Amino acid sequence: NSVFANVVRAPEDPILGVTVAYNKDPSPVKLNLGVGAYRTEEGKPLVLNVVRKAEQLLVNDRSRIKEYLPIVGLADFNKLSAKLILGADSPAIRGNLVTTVQCLSGTGSLRVGGEFLAKHYHQRTIYIPNPTWGNHTKIFTLAGLTVKTYRYYDPVTRGLNLQGLLEDLGSAPSGAIVLLHACAHNPTGVDPTLNQWEQIRQLIRSKNLLPFFDSAYQGFASGSLDKDAESVRMFVGDGGECFIAQSYAKNMGLYGERVGALSIVCRNADVASRVESQLKLVIRPMYSSPPIHGASIVAAILKDRNLYHEWTLELKAMADRIITMRKKLFDALSARGTPGDWSHIVKQIGMFTFTGLNTKQVNFMTQQYHIYMTSDGRISMAGLSSRTVPHLADAIHAAVT
Ligand code: PLP
């Protein structure tokens, strides 16, 4: 008998499990709108041209070696990543107030930040939006923080519940950590306006809460890297402290390279350097040092004017295709006279639409139409194409009538 005989089977991950079910379905019309990964009009994964070019440069450079990176990762990558999110002329960077460490994509950056906070910060409660990306609760709980939620989404308006958000953060204990999606909130696609961000910022600063930004979609939401960083820059601009987790999975299509960064903006350079010394103690026993390939691709693109420009064009093309899919789906539902107000499809931002479909309707669409999505009714717009929009619109129409 196995010594593991008592191990019980764990449930599939709620998001990745959708793909498992999809793969098992033999139907030729099946459609996977579960996982958040970009697909072309042909439904294929995309490697950006600029990434291929950067990889070619790396391969041709015979001086490149495969030695370990330092614990904090590739120095150029860290510097350029901070510049990308905070802005080229950021006073925080100029004043050496920012410490940046290369991590394993967005997830790893959140985890390293969470572990650091659990060890060195006096207030171990983190508030995350309700709803949020399903992994947040698990990441921060395992890091040693206590997770609570704040109201975020209003199912009636399918928009932001600003009042509820301000009330919940207003009654959070002083010093509590607040997780904020920098842009393209997952799963709702609902972002605060700049005006609303300003109200949130004032409340957070007046209560000495600690903002922790999750930036998984910079440039992917609006098509502009600067616009999608406005929320973060607003908070850094006031001189207060903040955490930022960046991912290059979506905006450079580097999903499997696991490349991201954690930046901590501090009040002075001395604190920043001490914080960095402690981040090393978090990272070293966890995975020792990060991988070199993905970070080298990112650094090659960010430091070369031409490659950088080319990246912004390819990024904009991805964002624009998603925005076009929103319009097409909305038009297709209007043409069918599908009951209900579907304007949120074009109003929401980023990779996902939070359709408002319930679990029963989702199950119906999977069983009858072979369309796969998370049970909360979230669909990945990046997985749609002009060819598949009519099929999805038929399914939604049938599900609600
Ligand atoms: N944060 C949010 C809100 C996300 O949606 C995702 C990916 O779906 C991530 C973080 C982290 O992704 P990765 O670890 O692949 O960078």
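The values are calculated or read from the model by the stated rules, or taken from the named source; none is laboratory data. Computed from a predicted structure; not experimentally measured. With ideal geometry, Cβ positions are generated from the backbone for all residues, glycine too; neighbour counts draw on all protein chains shown.
So the values come out like this:
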{"quantity": "The listed residue being of a type in the set (Val, Ile, Thr), touching a Cys at 6+ places or on another chain (Cβ under 8 Å) and outside any helix (DSSP H, G or I), out of ILE349, ILE379", "calculated": "ILE349"}
{"quantity": "Some residue of the range 221-229 being in a helix (DSSP H, G or I), more than 14 Å from the ligand (Cβ to nearest atom) and under 20 Å from ILE128 (Cα atoms)", "calculated": "yes"}
{"quantity": "Residues of the range 245-279 that turn out to be more than 30 Å from SER222 (Cα to Cα) and touching a strand residue (DSSP E or B) at 6+ places or on another chain (Cβ under 8 Å), as a count", "calculated": "5"}
{"quantity": "Residue selected from the range 171-197 under the condition assigned to a helix (DSSP H, G or I) and surrounded by fewer than 14 Cβ atoms within 10 Å (Cβ to Cβ), by the criterion nearest to the chain's Cα centre (by Cα)", "calculated": "LEU194"}
{"quantity": "Unique match (being more than 13 Å from the ligand (Cβ to nearest atom), small (Gly, Ala, Ser), surrounded by fewer than 24 Cβ atoms within 10 Å (Cβ to Cβ) and not in a loop (DSSP other than H, G, I, E, B)) among SER277, SER263, SER289", "calculated": "SER277"}
{"quantity": "Residue list for the range 86-109, restricted to those being of a type in the set (A, V, I, L, M, F, W, C) and touching a Leu at 6+ places or on another chain (Cβ under 9 Å)", "calculated": "ALA92, ILE93, VAL98, VAL101, CYS103"}
{"quantity": "Any hit, the range 309-323, residues being exposed (fewer than 14 other Cβ atoms within 10 Å of the Cβ) and touching a residue at least 40 places away in the same chain (Cβ under 8 Å)", "calculated": "yes"}
{"quantity": "Selection count, the range 238-257, where residues are under 21 Å from GLY114 (Cα atoms) and either assigned to a helix (DSSP H, G or I) or without any contact (Cβ under 8 Å) to a residue 60 or more places away in the chain (or both)", "calculated": "3"}
{"quantity": "Only listed residue being buried (at least 22 other Cβ atoms within 10 Å of the Cβ), within 16 Å of the ligand (Cβ to nearest atom), closer than 23 Å to ALA176 by Cβ and without any contact (Cβ under 8 Å) to a residue 60 or more places away in the chain, chosen from PHE235, PHE213", "calculated": "PHE213"}
{"quantity": "Count - residues of the range 64-103 that are surrounded by fewer than 21 Cβ atoms within 10 Å (Cβ to Cβ) and more than 12 Å from SER263 (Cβ to Cβ)", "calculated": "17"}
{"quantity": "Looking only at the range 245-260, and only at residues there that are surrounded by 24 or more Cβ atoms within 10 Å (Cβ to Cβ) and farther than 21 Å from GLU310 by Cβ, the one that is farthest from the ligand (Cβ to nearest atom)", "calculated": "ALA245"}
{"quantity": "Which listed residue is modelled with pLDDT of 95 or more and of a type in the set (Asp, Glu), from ASP320, ASP376", "calculated": "ASP320"}
{"quantity": "Hits in the range 16-63 - residues which are crowded, with 17+ Cβ neighbours inside 10 Å and closer than 17 Å to VAL362 by Cβ", "calculated": "VAL18, TYR22, LYS30, LEU31, ASN32, LEU33, GLY34, VAL35, GLY36"}
